[in-house]
Amino acid sequence: MTHADAQWWRTAVIYQIYPRSFADASGDGIGDLRGITAKLDDLAALGVDAIWLSPFYVSPQKDAGYDVADFTDVDPLFGTLADFDEMTARAHALGLRVIVDIVPNHSSDQHVWFQQALEAAPGSPERARYVFRDGKGVDGNEPPNNWNSVFGGPAWTRTTNPDGSAGPWYLHLFDTSQPDFNWENDEVLEEFDRVLRFWLDRGADGFRVDVAHGLVKQPGLPDFSPDDDANSMGGVEGPMAPYWAQEGVHAIWRRWRAVVDEYDGDRILAAEAWVVPLSRMAKWVRPDEMHQAFNFAYLETHWQAADLRAVIDESIAAFGAVGAPSTWVLSNHDVVRHASRLALTAENPQGHGIGPRFEGLPDPVVGLRRARAASALMLALPGSAYIYQGEELGLPESIDMPDEARQDPTWFRTEGERYGRDGCRVPLPWTADAPAYGFSPSGEAWLPQPEAWAELARENQQGVGSSTLTMYQEALRLRREQGLASAELTWIDGLPNGVLGFHVGDVEVYAVVGEGASLPLPVGQVLLASAPVTDTIPADTTVWLRS
Ligand code: GLC
């Protein structure tokens, strides 16, 4: 990497690869690292700056790899460390940086430390690496407090002592198979320094830090009675749960920043922190903490002009106040894909997902149209943007997935009351007429691919002017060419209700958001349009112009 690339992350477009659903080279129906390597040219051609890979570490896959049993090895499902090295070398040769996921809030219950903890006596150093507590009530048969798991149900599970009697409980903010670490324990701190160095030494350009608002819990683990449902990642208005966004977490990020800064090449930390308001989330990206934080406030903003303008202003101000770039994101592996989400007609909390019984299902045509407009808006904004695999194809959520196919722990822990996140995790379509649409040579796919996805296959969209893929490619090319990501945004006032307009560098961007709104096409050369425009920009359309 050259010096000119310093602080590349301030303007980067980072493409999220969800390895199990990207490309399967082995034919077992689950994507893998060799599959990724084979497709990196496509991502370079798309014009992204970096890839971020969701976990590919040794894991029983109870939470699709976010339950890690060995933080420094590759699960055979995904390949080997040598495959990782090969993938990284190829990515670097193509000018793509490689961000890996790190999951510090919890391990898998199959991690050797947790197994040792279960075998060890209460009060032992082995147990001190996790959060064990005696239960309440008669014989300690009630959980130590009333916390709920993000995936539904209690956040505590009772252990069995080596002699067969009922033992203390352990904390798991997520699935029972994901015990929370005790971040007041020095061994945990030291182990994660080692994990960071392991991947940095192998050439990783940074980390996406899972649940970066968790880790530290309020002393005494007090009960929490939220008005609404506690089973969320946080990031909702109202009292902050005693397990999210505790002050103590920032010392950990300062420590990690020092480790990352030991390395050359401008390596980064990006926080998954569901914290509101943005001014609070900005604490995660103070100069001695992380480089970036996912802008979930932006992701969760409805397709409404005034709300979008407010969140864009708030983001630029809040992140700017601490010297960090704003980030922008519309989709990831935990939320309903934005080609469906932006056309839902009923509320759908993060993580609940949608399926056939959801009342408020989207009109797919409206959804895709809005998604294209929203993406074209996002990619014009200054700062760094995240793209989730498949959004560049306009993929919608898979809604009609049969119940038997679902795998998200949310689905099981709520007994089907919440669909969970499988609908946004379906393997990608690469070619229309190949088995599994080119995802896997054997035709296997770990989640069924909707038939309607054939026409969305990447190959069908390649080189087609009107395709979503071409729109993304063009947007990324222009974004770079026009220096939009490092330019200043100034609003154009006096536009009709439902219309957003701003200058960014030499480009004018107009997004006609509101239903029924439209805007006479301003004078200038149309650089990009998310839908055809005549002398009018119709609703759900974004246009970039050079005046
Ligand atoms: C993060 C991940 C999500 C996972 C959870 C527990 O929110 O994005 O997929 O289930 O953490 O690790």
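The values are calculated or read from the model by the stated rules, or taken from the named source; none is laboratory data. Being a predicted model, the structure only gives us computed values, none of them experimental. FYI the Cβ positions are ideal-geometry reconstructions off the backbone, even for glycines, and counts take in every protein chain you see. Accessible surface areas use protein heavy atoms only, side chains included; no ligands, DNA or RNA. Shrake-Rupley method; radii C 1.70, N 1.55, O 1.52, S 1.80 Å.
May I ask you to derive the FRET efficiency for Asp264 and Thr80 from their Cβ-Cβ distance with R0 = 25 Å, giving the value to the nearest 0.05? The pair Asp264/Thr80 has a calculated efficiency of 0.40. The simple Förster model, with R0 at 30 Å and r as the Cβ-Cβ distance, assigns Ala93 and Asp288 a FRET efficiency of 0.35. The alpha carbon gyration tensor of the range 145-255 gives principal lengths a ≥ b ≥ c with a/c of 1.5 or higher and a/b no greater than b/c, which makes the shape oblate. Were the residues from Ala452 through Asp403 laid out at 0.36 nm apart, the gain over their Cα-Cα distance would be 15.8 nm. Spin-label model, Asp363 to Glu515: label points 7 Å out along the Cα-to-beta-carbon direction sit 0.8 nm apart. Over all other residues within a Cβ to Cβ distance under 9 Å of Gln178, the charged ones net out to -4, with Lys and Arg as +1 and Asp and Glu as -1.
For the range 474-547 versus the range 6-81, the inter-centroid distance based on Cα atoms is 34 Å. The residues of the range 112-171 have, on average, 47 Å² of accessible surface per residue, using a 1.4 Å probe with all protein chains present. Tell me the net charge near Ala517. Cut-off is 15 Å between Cβ atoms, Ala517 excluded, with +1 for each Lys or Arg and -1 for each Asp or Glu. In short, 0.
Using only helices, what value at 222 nm comes out for the chain when you add -39,500 (n - 2.57) per DSSP H run of length 4 or more and divide by the total residues, to the nearest 500 deg cm²/dmol?
Calculated mean residue ellipticity at 222 nm is -7000 deg cm²/dmol.
Taking Cα atoms only, the orientation of helix 33-46 departs from the longest principal axis of the chain by about 30 degrees. Stretching Glu119 away from Gln7 to a fully extended chain increases their span by 35.7 nm, per 0.36 nm per residue minus the current alpha-carbon distance.
Site pair Asp70 and Asn146 shows an inter-label distance of 4.3 nm when each label is modelled 7 Å from Cα along Cα→Cβ. Give the residue list of GluC sites (Glu not before Pro) in the range 348-414 that are DSSP loop and have at most 14 other beta-carbon atoms within 10 angstrom. Passing both the DSSP loop test and the Cβ count: Glu359. With contacts taken as Cα pairs under 8 Å at a separation of at least 6 residues, the chain carries a relative contact order of 13 percent. A full extension of the chain between Asp139 and Gln110 corresponds to an added length of 7.7 nm, given 0.36 nm per residue minus the alpha carbon distance. For the range 426-470, the set of GluC sites (Glu not before Pro) satisfying both a DSSP loop assignment and a count of at most 16 other C-beta atoms within 10 Å is given as Glu444.
In summary, the lysines within cross-link reach of Lys217, defined as a Cα separation below 18 angstrom excluding same-chain residues under 8 places away, comprise Lys283.
For the range 480-547, which GluC sites (Glu not before Pro) pass both filters: DSSP loop (anything but H, G, I, E, B) and at most 12 other C-beta atoms within 10 Å?
Those satisfying the criteria are Glu488, Glu515.
Label positions at Ser466 and Ala432, each projected 7 Å from the Cα along the C-beta direction, are separated by 1.3 nm. Could you calculate the FRET efficiency of Arg202 with Phe412 from 1/(1 + (r/R0)^6), where r is the beta carbon distance between them and R0 is 51 Å, rounded to 0.05? The calculated FRET efficiency here is 0.90.
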